[in-house]
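As C-alpha cells, the structure follows; a few thoughts come after it.
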Amino acid sequence: MPCIRCGECVKVCPAQLLPQQLYWYARSHDFDRIQEYNLFDCIECGCCAQVCPSHIPLVQYYRFAKTEIWAMERDKQKADHARERHEFHQYRMERKKQEDEERKRKKKELLKKTQGKEDSEADTKQAAIEAAMARVKAKRNDQQQQKKNVDNLTEKQQQALSEVEQRRQRLGKTGSSNEDSN
C-alpha cells in the first residue's frame, strides 16, 4: 500500500530523522536531497518499517539509497583519479616535448658551431693549399728563368745555347699546334 503520511515512523525513529521524507527521496532517486535529510545518520534499526501501517520496507529503500550514493561517490573518485592521471600525462607529454625541443635547439647550436669551425678550418686549409701552390709555381718560374752554369760561358757556348733555345721555342710552338690539330 502507498504511504498514508501518518507520521508513526517519525515518532519511533531513535535517530530523530524524518523517515517519511527519506522514503520519498529514495524512491524518486533524489540522492542530493536525501543526504540533506541526513540519510547516513540512519542506523537501519527497522523501527520505522515495523510501525508502518502500509507495511513499506523503508530500511530497504534507505539501504538502496546509501548503496547508490556510495557507488556514485566511488565513480566520482575514479573519474577524479582518471582526470588527474590524464592531466599529469598531458603535463608529462608537454614537458617531454619542451625537453626535446631544447635538446634539438642545443644540438643545432652545437652543429652550427662545429660547422663554423669546419668551414673556417676548410678555409684555412684551402688558403694553405693555395699558398703552397703559389710557392711551387713561383719556384718553378724562378728555376726556368735562372739557367744554371751560364754565367762563365764562352761565345761559342753562348751561341750553341741560344740555338738550342730557339729550337725549343720552335718545337714548343709546333708541338702545341700539332696537339691542337689532333
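The values are calculated or read from the model by the stated rules, or taken from the named source; none is laboratory data. What you see is a predicted model, and the numbers here were worked out from it, not measured in a lab. Cβ coordinates were reconstructed from backbone atoms using ideal geometry, including for glycine residues, and neighbour counts include every protein chain displayed.
Brief remarks follow.
- Residue within the range 44-58 that is closer than 30 Å to I4 by Cβ and acidic (D, E) present: yes
Let's see how each residue does on (1) over 30 Å from C42 (Cα atoms); (2) among the charged types (D, E, K, R):
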site	(1), (2)
Q77	no, no
H89	yes, no
R95	yes, yes
Q98	yes, no
K125	yes, yes
A128	yes, no
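- Test: residue in the range 72-85 that is among the polar types (S, T, N, Q), out of contact with any strand residue (DSSP E or B) (no Cβ under 9 Å at 6 or more places or on another chain) and touching a residue at least 12 places away in the same chain (Cβ under 8 Å): no
- The single residue among K117, K173, K104, K148 that is modelled with pLDDT of 70 or more and among the basic types (K, R) turns out to be K104.
- Residue list for the range 57-96, restricted to those being charged (D, E, K, R) and more than 30 Å from R33 (Cα to Cα): R85, E87, R92, E94, R95, K96
- Flag for K125 being under 35 Å from the mean Cα position of the chain (by Cα) and at pLDDT below 95: no
- When the range 2-59 is limited to residues that are among the small types (G, A, S) and under 25 Å from W70 (Cβ atoms), the one that is surrounded by the fewest Cβ atoms within 10 Å (Cβ to Cβ) turns out to be S28.
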